[in-house]
Amino acid sequence: MSIAERVNADLPFLRRFARSVTGSQEAGDAAVVSTLETIVADPTVLDQGLLPRVALYRAFLKTLNDGAAAPAASAAGGHDDPRHAALKAAERKLQTLALKARQAFLLVAVEEFSSADAARAMNVSEAELQALIDEAGRDIARQVATDVVIIEDEPLIALDLVQLVNDLGHRVVRVARTAEQAIEATRALKPGLVLADIHLADGSSGLDAVNEILRTLSLPVVFVTAFPQRLLTGNRPEPTFLVTKPFQPQNVKAIISQALFFDIRGRPEGAAQTP
């Protein structure tokens, strides 16, 4: 397989990643060009033992982190468009994350790399990758720390979720065990995030509760459930994210950070967390 064949399919995705990492299209494209020049000069930079996409991102990150492609200021233009303003505000928030934490978060949350492939792309262990994602999550929480309602009828699982939310710097304001309690809690407390199971203590449905909640509140929802098929068939409420039980704590933390990050990307800078 030629170099062109190995990289062409993934270049559009690499450009997207490069823009998010560097903070501008101009700087991102410059970093991609530097990477391609490096590969042409030394094709062994593309590790043949890795999947082509992983090898390309690994070459890019090495080029970027070695200083061959320095980030540049964001280009001007389109400032009258509110969507542009919201995007630029989110990009400025993203740029406050430490560089490697930003890279790890974007590889998993935006580029949808598995933890193993993201670790290979960054040339770190999976434990080191998780530490970077946790760092990004804490930094995101410092920017958008919010109140959280947990809908969960199993006490031990609820305690685990409370600890995970607290570790990221958010505040659990209520643990609801039934759909009725969940609806009442969110109406009274207006949280910025909901974590929800589907099958609840009294036979009620967390999915029904979330659908009712989203009729009057706009906020991200993370379903933590042993019944993902309930969300993967038919119409599911949006915006929602999914974690399958039994869960790994690091996966829950990453999804919470992802849900809040993508939520702020759609809001103008300075907008309130909840209506």
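A rounded overall shape is assigned to the range 145-248, the ratio a/c of its alpha-carbon gyration tensor axes (a ≥ b ≥ c) being less than 1.5. Here the residues LYS253, LYS190, ranked from fewest to most Cβ neighbours within 10 Å of their Cβ, fall in the order LYS190, LYS253. Using only the Cα atoms of the range 129-191, build the gyration tensor, take square roots of its eigenvalues as a ≥ b ≥ c, and label the shape rounded, prolate or oblate: rounded if a/c is under 1.5, else prolate if a/b is larger than b/c, else oblate. The shape class here is oblate.
None of the figures in this text is laboratory data; all of them are computed from the coordinates on show. What you see is a predicted model, and the numbers here were worked out from it, not measured in a lab. Positions of Cβ are backbone-derived with ideal geometry, glycine not excepted, and every protein chain shown enters the neighbour counts.
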